[in-house]
Amino acid sequence: MASLEAFYASRQDEPVWVTTSGLSPLGNILRERLRRVAPVASLGLEAPLEADDARAQRLDPQGLAERDVILSAAFLKGAIDPKAPEESPPDARLLRDLSVAADPRAVLERDLPVEPAFWRLRAAAAGYRELAAAGGWPAVPEGPKLALGDRDIRVEALRSRLSASGDLDPSFASSDVFDGALDEAVRRFQRRHGLDEDGVVGKATLAALNLPIETRIQTLAINLVRLLDPPRDWGPRYIAVNTAAASYRLVDNGVTLFEQPAVVGRPSWPTPRLDGLMTALEFNPYWNVPPRIARLEIWPKIHTDPGYLARNDMRLVDGMIRQDPGPKNPLGVVKFVFPNRYDVYLHDTNNPSLFGRADRHLSHGCIRVPNARDLATYLLQADPSWTGERVTAAIEAGRNLRVILPRPIAVHLVYDTAWIAPDGTVEFRDDVYRRDAALSPQAANPEVALARSACPNQS
């Protein structure tokens, strides 16, 4: 490899990763990081990674040099070059950066991201590029809705389209009848694109089907950028909210305990991108109406209806509108607090029917969760006195009660419009907040999939 030859020539063939006594400190860092970011076998590293120091001492200078070159090649094979297209061959500049850096560990962290989601998404992007090179997928002609039992020449195009994207077994790709297998494939497609899962090819489903594969590749590229900047090495315990998907998950000890739909900010009131620390919760919370909501929505109603405040359990407190706990309070029975400059938080709701909708971008920016009582019980379990029965009693008492969490938990609000589900499914969601479009033109270019660019932090 020319880049490796140039690199070692510039160092007078001095090794980077190995010494006569085994791996160098930098070599040990590389070994541990490569073990975390990708299967060792895929990088051809079994021997050089597993060889012990005693074996290294038996290697002659040529053997040590070969081992060093193999590790350099593995680094380049796995590394992400932020300054070049993903398809470009690895550049010796990456190795030079590493060898002269004041903090080599930081360079390895930059060029070998450890987030498994990144590697899964990167592999999916490569698959989509291969599909595009082979012709992509066909469009489904415009026309009336298609559903189970229909016979239409357009059904054959629908079958071809879903077969190309892996939603339909290719053996079912030839028929003009909308049968059960096609109904299942349409529902699968709808499910992984966040659409109403009704099996009907209506306007929204047809539009998603007919997006060009190049557009999907661009979305994958943009989300690779998001996984790199900022890095998502979040540790073993956290709450993550994906506002693009309107969902949230709780992870503990590296295991997802539950993943649920959520209601998040509408396009005109988007939920921000932020990282925080949840420190407290409130049972039976008051709702202190934010000034903007009060100005735009509440005060106009008060002006036309003098009894509006009393009828909705609201009152003026220090010049602000406050709603008392109770069934009319949109925060429900639990509020989860993580201090941040946007004053957003997770909370229960008094309108749980909204969780059943496909489009759940409906709030003023805060995040409504469907299992608030279970989440509260989990967050308090480090204090043995907070049993499930005590949580229920605190709620049924109807009084506002603030409780400091015995064990705070990190909260991450992200905006992922593409990701890989645990079963390997490639998921997409609409860019409802128009943040994909706001990324730099370079980052949005699928040929420069890994250029770094900060996701806009919108309120």
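The values are calculated or read from the model by the stated rules, or taken from the named source; none is laboratory data. The model shown is predicted, which means the values in this text are computed figures rather than measured ones. Positions of Cβ are backbone-derived with ideal geometry, glycine not excepted, and every protein chain shown enters the neighbour counts. All accessible areas refer to the heavy atoms of the entire protein, side chains included, with ligands and DNA or RNA removed. Shrake-Rupley method; radii C 1.70, N 1.55, O 1.52, S 1.80 Å.
Odds and ends about this structure:
- Summed over segment 236-256, residues that are open to solvent by 40 Å² or more (accessible area, probe 1.4 Å) and over 24 Å from His193 (Cβ atoms) total 4.
- Count of residues meeting criterion [open to solvent by 20 Å² or more (accessible area, probe 1.4 Å) and in a helix (DSSP H, G or I)] in segment 382-395: 5
- Filter pass, Lys335 being touching an Asp or Glu at 6+ places or on another chain (Cβ under 6 Å), basic (Lys, Arg), within 30 Å of Ala245 (Cα to Cα) and without any contact (Cβ under 8 Å) to a residue 24 or more places away in the chain: no
- Any hit, segment 363-381, residues being part of a loop (DSSP other than H, G, I, E, B), modelled with pLDDT under 95 and open to solvent by 30 Å² or more (accessible area, probe 1.4 Å): yes
- Lone qualifier among Glu142, Glu115 - being in contact (Cβ under 8 Å) with a residue 24 or more places away in the chain, under 15 Å from Leu206 (Cβ atoms) and either crowded, with 16+ Cβ neighbours inside 10 Å or more than 24 Å from the chain's Cα centre (by Cα) (or both): Glu142
- Subset of segment 245-293 [touching a strand residue (DSSP E or B) at 6+ places or on another chain (Cβ under 8 Å), among the aliphatic types (A, V, I, L, M) and farther than 19 Å from Leu362 by Cβ]: Leu250, Val251, Leu257, Leu274, Leu277, Met278, Ala280, Leu281
Quick grid of which residues meet (1) touching a residue at least 40 places away in the same chain (Cβ under 8 Å); (2) on the phi < 0 side of the Ramachandran plot; (3) of a type in the set (S, T, N, Q):
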{"residue": "Ile302", "(1), (2), (3)": "no, yes, no"}
{"residue": "Asn312", "(1), (2), (3)": "no, yes, yes"}
{"residue": "Pro330", "(1), (2), (3)": "yes, yes, no"}
{"residue": "Leu362", "(1), (2), (3)": "yes, yes, no"}
{"residue": "Pro370", "(1), (2), (3)": "yes, yes, no"}
{"residue": "Ala382", "(1), (2), (3)": "no, yes, no"}
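- When Ser175 is tested against (1) open to solvent by less than 40 Å² (accessible area, probe 1.4 Å); (2) within 30 Å of the chain's Cα centre (by Cα); (3) hydroxyl-bearing (Ser, Thr, Tyr), exactly one condition is not met: (2).
- For segment 1-19, the tally of residues that are at pLDDT 80 or above and surrounded by fewer than 14 Cβ atoms within 10 Å (Cβ to Cβ) stands at 7.
- Enumeration of residues in segment 341-357 that are touching a residue at least 40 places away in the same chain (Cβ under 8 Å) and either open to solvent by less than 40 Å² (accessible area, probe 1.4 Å) or under 21 Å from Ala397 (Cβ atoms) (or both): Val344, Leu346, His347, Thr349, Leu354, Phe355
- Single residue of Ala185, Ala181, Ala204 found to be in contact with a helix residue (DSSP H, G or I) (Cβ under 7 Å, 6 or more places away or on another chain), modelled with pLDDT of 95 or more and surrounded by fewer than 18 Cβ atoms within 10 Å (Cβ to Cβ): Ala181
- Pair list, Cβ < 6 Å and 6+ apart or interchain, from segment 231-244 residues that are over 21 Å from Arg435 (Cβ atoms) to residues that are open to solvent by 30 Å² or more (accessible area, probe 1.4 Å) and charged (D, E, K, R): Arg237/Asp252
- Sole residue being of a type outside the set (D, E, K, R), surrounded by fewer than 16 Cβ atoms within 10 Å (Cβ to Cβ) and within 30 Å of Thr392 (Cα to Cα), chosen from Val333, Val289, Val337, Val317: Val317
- Among the residues of segment 239-250, none qualifies, meaning not one is part of a loop (DSSP other than H, G, I, E, B), of a type in the set (Phe, Trp, Tyr) and within 13 Å of the chain's Cα centre (by Cα).
- Conditions (1) in contact with an Asp or Glu (Cβ under 6 Å, 6 or more places away or on another chain); (2) in a helix (DSSP H, G or I); number of the one not met by Lys301: (1)
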